[in-house]
Each structure stands twice: as structure tokens, then as C-alpha cells.
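Student: To start, I am sharing the structure in question, which I have written as C-alpha cells.
The values are calculated or read from the model by the stated rules, or taken from the named source; none is laboratory data. Just so we're clear, the structure is a prediction, and the values are computed from it rather than from any experiment. Using ideal geometry, Cβ is built from the backbone for each residue, glycine included, and neighbour counts are taken over all protein chains shown.
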Number of protein chains: 2
Amino acid sequence: MCLAMELLKYAEEVGKEVEEFIYNVIKGEPWKVYEASLHYIKAGGKRLRPLVVILASRIAGGSEEIAIPGAAAVEVLHTFTLIHDDIIDKDELRRGVPTVHKLWGTDMAIIAGDLLFAYAYKCLLKALELGVSSDRVAKAIEALTDAAITVAEGQALDMMLPEVREARVEDYITMVSKKTAALFAYSAKIGGILAGAPEEFLLNIFNIMMNAGVAFQIRDDILGLVGDEKVLGKPVYSDLREGKRTVLVIYALNNVNLEKKAKLLKILGNRNASLDEFKEAAKIILESGALEYSESLAEMYATRALELLNELKPVNVEAFDMFKELIRFMIKRRY
Amino acid sequence: MCLAMELLKYAEEVGKEVEEFIYNVIKGEPWKVYEASLHYIKAGGKRLRPLVVILASRIAGGSEEIAIPGAAAVEVLHTFTLIHDDIIDKDELRRGVPTVHKLWGTDMAIIAGDLLFAYAYKCLLKALELGVSSDRVAKAIEALTDAAITVAEGQALDMMLPEVREARVEDYITMVSKKTAALFAYSAKIGGILAGAPEEFLLNIFNIMMNAGVAFQIRDDILGLVGDEKVLGKPVYSDLREGKRTVLVIYALNNVNLEKKAKLLKILGNRNASLDEFKEAAKIILESGALEYSESLAEMYATRALELLNELKPVNVEAFDMFKELIRFMIKRRY
């Protein structure tokens, strides 16, 4: 069996274990808010972050079992941010199902997100029952907290970016490092902490995932513009409709003539714009060279991630090989 | 100096220490979201919950110093819930200042709340630096997490109550126990945990504050109907405008004739109703005997809190006397 297939099989196994763990921990009353909280988790998802936690733990010589609470915690934290982000972005579809606020209303969606946030900690605390020392658990909780803080800062930056007069690619990198890459990086760190890995290992694997995470998000931005609606699970051009400052948009705004820039700015974030207008905006962006630029930027971060990977000293080589494959999957072209 | 004055002075001292601690911990970028997060904390507040944490620690023989991270954590958690609650209730004023979502918009207010939520944990984790063992810190984090879960469940119940056909006073008690009283109870528990108090102490002080918290909320409901706008810091009748199922409303709905009930239901939650109509609704409620009923219900919970207080075995009697005074303040009539 090739490595990619092996990873896929393992991801599925681990995903099921994590889901089972989550469903065992997250229950209570009133039922309605729990149903809203678990909606996206039930709708599926790639469970990439849990896989990062578990592989990081195993690479450091830890077991899969002690990493499951951490894996569940980051997936639950991630899901909470999706619920609140969807409210903010006014998204109507996620993972092929109606968004939480569409089904239960914005007020209930806010609370469903808050509830999940708390349960991320509840999941992680279960590591104590598996015999992980409270020193390690406290350290993992600190990492989870830093992740939550960083993701919130990133979300704030994302919201503020359209108001910045001349946003630069650097601003974008800061934003996605916080909003997307950080949770991957902290996932790896949490896995390492639960396994009792030394500081150097934690720092290395954190940096690997920061770079891989940025590459992952750039590729996601590209996919949002040139990808297939069915693969996306949401309408094409939704980034343009929401006025999102993707790396492609920022590059285009900084590299087209004033006329095209004005046209772009008129269409971006305009929910009443027609499909033809969005197509025109996409055309302006693509003709600016934004796709090629974004590709090479993603490549740069991907290469850095793979370089840093070579410096990691794995205890478990089998897990390390799968981790490498996971990173390759995260950073590869998907279009 | 009388005990009430002593408590007031101590509350002010402790309040300042907790604020300073919070401002030292909660900082970062982008500035805008931090400004929104800290808005209510800067606007003042009684800091009741921090006081509960600190007194609970001291009663159990712990120091004020080791309790400060817990005190800051519960105040920050409380403030986060206020930001999200205000969005849901469409409140425009809080502590005499415009609400966070009024000033920064709903989207930023959601994220400002999320950021604060994470910082509640960050505050509590600082106890490790003060030499509190990671065993105790992990246990305190579990209590903070249970508090956050319970408050979110309570908030969901609060939102669902108007949709319940024949809501009973029991439903109300369940709701306020979760939404309001639980955070007081967990505050006391966190203080006790940080001080290393035995399980029996934790259970007792938890139950005392559950009862005191319910009495506190019932008195708050009463104040919302018959209180002074300046004392409230928000418009009178705002509970009626929002359709909140306070204990007075629930009692009235269950104890007036069908004609009055229909009139009440027409006005409750109707944001376009006139001041005269709200006055009429208030009159129906007051004439139903709801005030007397609510008073006696509050009295019952207050009495229970004071009874349980006598069973507590304090290590520090000075702190215990202040705690008793604090509970008397929480449960006394303020109108």
C-alpha cells in the first residue's frame, strides 16, 4: 500500500475515534443548543487538525491514546470558530449543509459556538483521566488558549483588512498566520506536549506547521477563485461576494491600473453584484498575474515546511513518514 | 468601622488589584479588538465574582495573592458573556456606556467576546507562576470550564423560554441557576480549589453561592421592573421590551385571567410597543401579586444560603465575616 493510501486509511480511523470521543464528551441540555453545536461535526470534515495532534504525539514517542483528548480539543475549537465565522461572513453553506445560523438563527449560533469553545477545554482535560500528568495537561491547555487567542486576533485582522487602504501581502501573511496556520501549529505543539516532547521538538514542529498552514491557506484562496463548487461545498465567488482580502485580491489591487482597481473595489463585497460582474472581477484578478504570484508564494512556504521537517528528530519513524505525507497533502495543488 | 463599610473598602482594593492584573494579561494586536474586549471592564462594575473567589480562598486558609488569577478569570469570563448577551438582547446600554456591538458592530463584538473567553483561561493559568501546583490549576480550569458550559446552557434556556407554551417557575429557576447563579458558585469553588480546600468545603461553598445567586437574580428581576433607571444603568422596561421571562412575568402569565394574559403576551417582546403599553404590562404584572411572590421566593433562597453558611468551617474568620456580609449584600432588597 502506498503512503498516501495508508495516510488516508489512518486519517479515517483516527477521525472515527475522535468523533466518538467528542460525542461522548459533548452532551447536555437543552438539546437544541447541543444539536446546533454538533451540526458541523456531524456533517463531516477532513479532521486534519486532529491528525496533526496525533501524529505529532506519535512522532515524539507518545501514544495515539493520550493524544485523542488533544485531537478532539482542536477539532472542537476549530468547529466553534467556523460557527462564528459563518455568522460574520453571512455564509449559507458549509460542508454541504446549511450553516448553523441559517438553521437555528444568529443568536443560537453565537451560543452554540460559545458552548463548543468551553467543550474544547473539557475534551483536553480528559487527558488527566488517561494518566497524563497535570503538568503536561496544564501546558497543553496553555497552548490551546494561545491558539484560541491567536485565531481570534486573526479573525479580527481578516475583518479589518478590507478597511486598510493599501493592504500589502505582508498584512495578509500576518492575518492567515494567525487565523489559519496557528491552529495547525498549536495542534502539533499540543500533540508534542501530551507526549512529553522536549522544547526543541515543540518549537520545530510548531514552525513546520506554521509554514505548512500558510501554504495550505494560500492554496485554499486559489481554490476559492478557480475551484469547483462541488469540491468547495460552497458557492464559487463567495470570497469575492464577501469582499475577502485573499492573497489574490491583494496582489491584484496592488498590481492593476487605476481603472481596473476601481472596478474591482466596486464589485468586491457587493452582495448585489451580478454573476457577470463577479466573473469580470475574477478575470481582472487572473489577468493581473495574481494566480502565478500566489502559486509561487505557496510554494515558498511549502518548501520551507519541508526543509524544517528534515531537522525534526522523530522517535517513531512510521508516524514521521505519515506526517510528511500529511504535509504534502496540505500543501499540494488541488486544482 | 462597621462590617458593611469594611467590605466596601476591601471590595474596592481587590477590584483594583484584579483590574491591574487583567490589564497586564490582556494585551495584543490588533488594538481594535482588544479595545472592544476591555470596554466593559473599563466601564466599571461591582466585581462581585472576583470578590467571591478571593474570599473563598481566604476562608479556606489560602492567600489573596494566589486567588487573584482565579478572580480575574471569572470576571473576564463574566464580561465575555455580557458582550454576547448584549448582542442577543439588542441592548444599547450597559454600565452607563454604549454596548460593545453598538460601538464596534456585531461582528467585532462576537470576536471581542471570543477573545475574552480565551483570556479567562490565560488569567487562570498565571496561578502556575505564583507557585500554585498544576494539580490545583488543572482542577480550577475544570471548574472554569464547567462554569462556561453551564452559563451557555443557561443562556440557551433563557432564549428558549419565551417559546415554551406554559413556562413554570421551575423552568425559570433552572434557567437562572445555570445562567447566573452557577458562575457565582463556581467562583467560590475556584477560590477554594486554589487554596487547596477539601472536597466538603468546595461542595458547601458551591451550594451557598448557588442559593445566593438565585436570590440575587430574582432581586435583579424585581429591580428591572420597579427600579430606578439611573441605578440600573439601562432603560426601565427593557426586560419587557425584550420579552424576557423574568420570574415576575412567568408568575403573572400563570396567574392572571385570559384577557390580561393575552394583553401581556401582545406587549412582551414587542419592540414597537409604546411606553404606555409597557406601563400597562407592568401594572398587570404588579396587580397579579408577582412582586410579593417573587419577594418570598428570593427570601427562601436567601434564607437557604444563610443557613448553609452556618455549616461552613472557616479557617480564616475575618474573611468569613466579610463573605457573610457579601452574601447579605447580594440577597438584600435594593429598592
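Student: In the set A:Leu194, A:Leu183, which member is touching a His at 6+ places or on another chain (Cβ under 8 Å) and touching a residue at least 60 places away in the same chain (Cβ under 8 Å)?
Tutor: A:Leu183
Student: Any idea which of A:Glu199, A:Glu142, A:Glu153, A:Glu163 is out of contact with any helix residue (DSSP H, G or I) (no Cβ under 8 Å at 6 or more places or on another chain) and under 30 Å from B:Ala36 (Cα atoms)?
Tutor: Every option except A:Glu163 fails the conditions.
Student: Filter the range A:143-163 down to the residues that are within 16 Å of A:Tyr121 (Cα to Cα), touching a residue at least 60 places away in the same chain (Cβ under 8 Å) and not small (Gly, Ala, Ser) and list them by number.
Tutor: Matches in the range A:143-163: A:Leu144, A:Val151.
Student: Of the residues that sit in the range B:25-34 and are out of contact with any Lys or Arg (no Cβ under 8 Å at 6 or more places or on another chain) and in contact (Cβ under 8 Å) with a residue 40 or more places away in the chain, which one is nearest to the other protein chains (Cβ to nearest Cβ)? Talk me through it step by step, then tell me what you get.
Tutor: Filtering the range B:25-34 down to residues out of contact with any Lys or Arg (no Cβ under 8 Å at 6 or more places or on another chain) leaves B:27-33.
Narrowing further to those that are in contact (Cβ under 8 Å) with a residue 40 or more places away in the chain: B:32-33.
Numbers: B:Lys32: 7, B:Val33: 4 Å.
My answer is B:Val33.
Student: Just to be sure, is A:Thr174 farther than 21 Å from A:Leu48 by Cα and among the hydroxyl-bearing types (Ser, Thr, Tyr)?
Tutor: So A:Thr174 fits the description; yes.
Student: Answer yes or no as to whether B:Ser37 is touching a residue at least 40 places away in the same chain (Cβ under 8 Å), within 21 Å of B:Tyr186 (Cα to Cα), buried (at least 24 other Cβ atoms within 10 Å of the Cβ) and of a type in the set (Ser, Thr, Tyr). Show your work before the answer.
Tutor: Details: touching a residue at least 40 places away in the same chain (Cβ under 8 Å): yes; within 21 Å of B:Tyr186 (Cα to Cα): no; buried (at least 24 other Cβ atoms within 10 Å of the Cβ): yes; of a type in the set (Ser, Thr, Tyr): yes.
It is false that B:Ser37 is touching a residue at least 40 places away in the same chain (Cβ under 8 Å), within 21 Å of B:Tyr186 (Cα to Cα), buried (at least 24 other Cβ atoms within 10 Å of the Cβ) and of a type in the set (Ser, Thr, Tyr).
Student: Determine which single condition B:Ala118 fails, assuming it passes every other condition in (1) surrounded by 17 or more Cβ atoms within 10 Å (Cβ to Cβ); (2) of a type in the set (Gly, Ala, Ser); (3) over 22 Å from the mean Cα position of the chain (by Cα).
Tutor: Exception for B:Ala118: condition (3).
Student: Here is a further query. Could you check B:Leu264 against (1) hydrophobic (A, V, I, L, M, F, W, C); (2) closer than 20 Å to B:Ala167 by Cβ; (3) in contact (Cβ under 8 Å) with a residue 24 or more places away in the chain and say which number it fails?
Tutor: (3)
Student: In this structure, does A:Phe216 turn out to be within 10 Å of the chain's Cα centre (by Cα), closer than 22 Å to A:Tyr121 by Cβ and not β-branched (Val, Ile, Thr)?
Tutor: No: the conditions fail for A:Phe216.
Student: Restricting the search to the range B:245-298, which residues are assigned to a loop (DSSP other than H, G, I, E, B), surrounded by 15 or more Cβ atoms within 10 Å (Cβ to Cβ) and polar (S, T, N, Q)?
Tutor: Residues satisfying the conditions are B:Thr246, B:Asn270, B:Ser288.
Student: Does A:Ala140 count as among the small types (Gly, Ala, Ser), closer than 24 Å to B:Ala112 by Cβ and at pLDDT 95 or above?
Tutor: It is false that A:Ala140 is among the small types (Gly, Ala, Ser), closer than 24 Å to B:Ala112 by Cβ and at pLDDT 95 or above.
Student: Look at B:Tyr301 and say whether it is part of a helix (DSSP H, G or I) and more than 20 Å from the chain's Cα centre (by Cα).
Tutor: When the stated conditions are applied, B:Tyr301 does not pass them.
Student: Count, please, the residues in the range B:120-163 that happen to be in a helix (DSSP H, G or I) and either at the interface with chain A (Cβ under 7 Å from one of its Cβ atoms) or β-branched (Val, Ile, Thr) (or both). Steps first, answer last, please.
Tutor: Applying the first criterion (in a helix (DSSP H, G or I)) to the range B:120-163 yields B:120-130, B:134-163.
Next cut, either at the interface with chain A (Cβ under 7 Å from one of its Cβ atoms) or β-branched (Val, Ile, Thr) (or both) only: B:121-122, B:125, B:128, B:134-135, B:137-138, B:141-142, B:145, B:148-153, B:155-157, B:159-160.
Result for the range B:120-163: 22.
Student: Answer with yes or no whether B:Ala43 is surrounded by 17 or more Cβ atoms within 10 Å (Cβ to Cβ), touching a residue at least 12 places away in the same chain (Cβ under 8 Å) and hydrophobic (A, V, I, L, M, F, W, C).
Tutor: The answer is no for B:Ala43.
Student: I would also like to ask the following. Being in contact (Cβ under 8 Å) with a residue 12 or more places away in the chain and either part of a loop (DSSP other than H, G, I, E, B) or within 19 Å of the chain's Cα centre (by Cα) (or both) is the filter here, so list the residues in the range A:307-321 that pass it.
Tutor: The answer is A:Glu311, A:Leu312, A:Lys313, A:Pro314, A:Val315, A:Asn316.
Student: Check the range A:305-323 and report whether any residue there is touching a Leu at 6+ places or on another chain (Cβ under 6 Å) and closer than 22 Å to A:Val214 by Cβ.
Tutor: For the range A:305-323, residues touching a Leu at 6+ places or on another chain (Cβ under 6 Å) and closer than 22 Å to A:Val214 by Cβ: present.
Student: Being out of contact with any helix residue (DSSP H, G or I) (no Cβ under 8 Å at 6 or more places or on another chain), surrounded by fewer than 16 Cβ atoms within 10 Å (Cβ to Cβ) and not hydrophobic (A, V, I, L, M, F, W, C), is that true of even one residue in the range A:235-244?
Tutor: no
Student: When you go through B:Leu203, B:Leu194 one by one, which is the residue that is surrounded by fewer than 23 Cβ atoms within 10 Å (Cβ to Cβ) and over 24 Å from B:Leu248 (Cα atoms)?
Tutor: When all the criteria are applied, what remains is B:Leu203.
Student: Taking only the range A:67-112 into account, find how many residues are surrounded by fewer than 24 Cβ atoms within 10 Å (Cβ to Cβ), away from chain B (no Cβ under 14 Å) and either under 28 Å from A:Leu130 (Cα atoms) or of a type in the set (A, V, I, L, M, F, W, C) (or both).
Tutor: Adding up the residues that qualify gives 3.
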